[in-house]
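The values are calculated or read from the model by the stated rules, or taken from the named source; none is laboratory data. Since the model is a prediction, treat every value here as computed from it, not as a measurement. When we count neighbours, we look across all protein chains shown, and the Cβ atoms used for this are built from the backbone with ideal geometry, even at glycine.
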Amino acid sequence: MTTKHFMTILKHAARAGSILFSGALLAFGQQQINLTAGPTNATMADGSVVPMWGYSCDATQVAGSLATCAALNPAATTPAVWSPVVITVPTGQTLQINLTNNLFFTPVTPAGAATNYIPTSLTIVGQLGGGLGNALLRTTTVSPDHSNAQAQSWPIAGTPPGVPPVGVNTPPAQGPRVQSVATEVAAVGATVVSPQCASPCSSLTWTAPRPGTYLLESGTHPSIQGPMGLYGMVVVTCAPGDTSGCTAGTAYTGVSYAADAKLLLSEIDPVQNNAVSAAVNTAGFSETAVWTGGPNAPQRVAAVNVTNGGSYLSAPTVSITSSPTLGGTQATATASLSYSLASISGGGGSGYTVTDTVNIIGGGGDGTATAAITSVSGTGAITGVSLTNPGAGFTSVPNVTVSSAAGSGA
């Protein structure tokens with residue numbers, strides 16, 4: 001009876017296992033796949049459409065190549081429908097992927113806005129090739145300026161507590177940050193090509209990749225490009241029906257199989273994907289900008305200082321007339337009223353002195369309002385009282401009393 005084996009199940013953004021196949025290797029050859037990376041969409045179970053980036057197998061492949069490319073989802077018959085891809089290559093063969101990068105986005109507004117070009121790259125997790133493993137073929141960006149970083153961020157760089165000058169913080173020098181761990185492929189139409197190539201890179205090579213089932217994904221900003229959908233599978237083996245000359249349907253020496261099934265588990269975050277889509281379709285977008293600096297870094301209104309409180313009986317409407325730059329979101333503000341006391345009047349009674357205490361009680365104030373007796377008559381009647389601090393935060397008129405050892409009736 002023929003033994004049936006399932007091929008490895010891969011889980012994106014988690015852990016990818018692999019089944020190694022140890023059949024005899026063929027003479028070295030080079031097999032090619034034509035692949036395109038570009039924007040697409042995925043329809044969720046509830047009918048909502050989520051923007052995605054994905055790989056698609058080109059309609060025209062290299063004649064004579066034994067490597068094959070197909071959408072993992074058989075219903076994805078066009079690049080407009082997102083699906084991971086499955087690339088299959090016989091063992092003992094060198095795999096060359098010719099990648100076309102269509103990750104370019106032209107903002108709708110303002111009219112005539114420049115196109116945003118997004119570079120990308122390819123990695124086969126667990127295999128060296130495509131630039132992975134060669135430090136000269138990766139792309140780096142300058143580290144952000146940390147000179148104004150809080151001491152809490154770099155506690156080892158600050159002065160010890162209590163030792164002057166307090167608050168001085170000298171963060172250690174930061175080396176370049178890795179943007180791409182593999183050879184970058186510039187987007188079609190980009191004027192700036194990959195730093196690793198004099199002309200746009202497109203042909204990426206893996207020399208005789210080891211047998212097994214591997215995850216294919218972007219090596220450029222993988223925390224963004226991965227969740228956006230740039231991933232698939234690479235199967236290095238002799239599948240049933242393979243005509244390359246290797247032993248078809250052989251998983252291990254002496255272990256054959258009649259069929260295989262490929263399954264890739266992943267997840268889609270509509271909120272994140274919509275945010276990324278909005279960003280790359282915004283005029284002036286820069287993939288290397290950081291929020292703490294740079295001309296394209298987004299800034300937010302953190303506080304509004306009231307320079308003149310004016311006088312109101314009800315909360316006014318506040319508007320910010322300045323429009324955001326670089327397509328940002330319009331800021332809003334809400335006024336909150338804090339009433340102070342306008343005056344204190346009254347008096348009379350008898351037996352009071354100017355040293356008696358005026359008490360302001362209740363009304364929701366912040367406790368800072370104070371008043372004092374300024375004059376009394378010969379009989380101790382209060383003839384003058386003054387507000388020495390109007391306070392703040394009152395929501396209703398407070399009660400006013402006078403604490404006195406002998407006075408009464410005011």
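Brief remarks on what is shown
- Unmet criterion (only one of (1) of a type in the set (Val, Ile, Thr); (2) more than 27 Å from the chain's Cα centre (by Cα); (3) modelled with pLDDT of 85 or more) for VAL168: (3)
- The residues of the stretch 173-214 that are outside any loop (DSSP other than H, G, I, E, B) and either of a type in the set (D, E, K, R) or closer than 18 Å to LEU103 by Cα (or both), listed by number, are ARG177, GLN179, SER180, VAL185, SER203, LEU204.
Quick grid of which residues meet (1) of a type outside the set (Ser, Thr, Tyr); (2) assigned to a loop (DSSP other than H, G, I, E, B); (3) more than 26 Å from the chain's Cα centre (by Cα); (4) not assigned by TED's automatic domain parsing to the domain that holds TYR214:
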residue	(1), (2), (3), (4)
ALA37	yes, no, no, no
THR40	no, no, no, no
GLY47	yes, yes, no, no
VAL50	yes, no, no, no
ALA75	yes, yes, yes, no
ILE87	yes, no, yes, no
ASN98	yes, no, yes, no
THR109	no, yes, no, no
GLY112	yes, yes, yes, no
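- Search result, residues across the stretch 174-204 that are free of Cβ contacts under 8 Å to residues at least 60 places away in the same chain and touching a Lys or Arg at 6+ places or on another chain (Cβ under 9 Å): VAL178
- Members of the stretch 343-378 that are crowded, with 16+ Cβ neighbours inside 10 Å and in a loop (DSSP other than H, G, I, E, B): ILE344, GLY347, GLY349, GLY351, TYR352, ASP356, GLY363, GLY365, ALA369
- Single match in ALA278, ALA303 (criterion: surrounded by fewer than 15 Cβ atoms within 10 Å (Cβ to Cβ), within 27 Å of the chain's Cα centre (by Cα) and modelled with pLDDT of 85 or more): ALA278
- In this structure, THR243 does satisfy being modelled with pLDDT under 85, assigned by TED's automatic domain parsing to the domain that holds GLN30, out of contact with any strand residue (DSSP E or B) (no Cβ under 8 Å at 6 or more places or on another chain) and β-branched (Val, Ile, Thr).
- Residues (out of contact with any Asp or Glu (no Cβ under 9 Å at 6 or more places or on another chain), touching a residue at least 40 places away in the same chain (Cβ under 8 Å) and under 30 Å from GLN93 (Cβ atoms)) located in the stretch 112-136: GLY126, GLN127, LEU128, GLY129, GLY130, LEU132, LEU136
- For the stretch 261-273, the set of residues classified as surrounded by fewer than 13 Cβ atoms within 10 Å (Cβ to Cβ) and either of a type outside the set (A, V, I, L, M, F, W, C) or part of a loop (DSSP other than H, G, I, E, B) (or both) consists of ALA261, GLU267, ASP269, listed by residue number.
- Only one of SER194, SER180 that is among the hydroxyl-bearing types (Ser, Thr, Tyr), in the same structural domain as THR60 (by TED's automatic domain parsing), surrounded by 13 or more Cβ atoms within 10 Å (Cβ to Cβ) and modelled with pLDDT of 90 or more: SER180
- Considering (1) polar (S, T, N, Q); (2) part of a strand (DSSP E or B); (3) surrounded by 13 or more Cβ atoms within 10 Å (Cβ to Cβ), the lone condition that THR401 does not fulfil carries the number (3).
- Candidates SER345, SER375, filtered to the one that is in contact (Cβ under 8 Å) with a residue 12 or more places away in the chain and over 25 Å from SER311 (Cα atoms): SER375
- Every residue from the stretch 73-100 that is of a type in the set (Ser, Thr, Tyr), under 16 Å from GLN32 (Cβ atoms) and surrounded by fewer than 22 Cβ atoms within 10 Å (Cβ to Cβ): THR94, THR100
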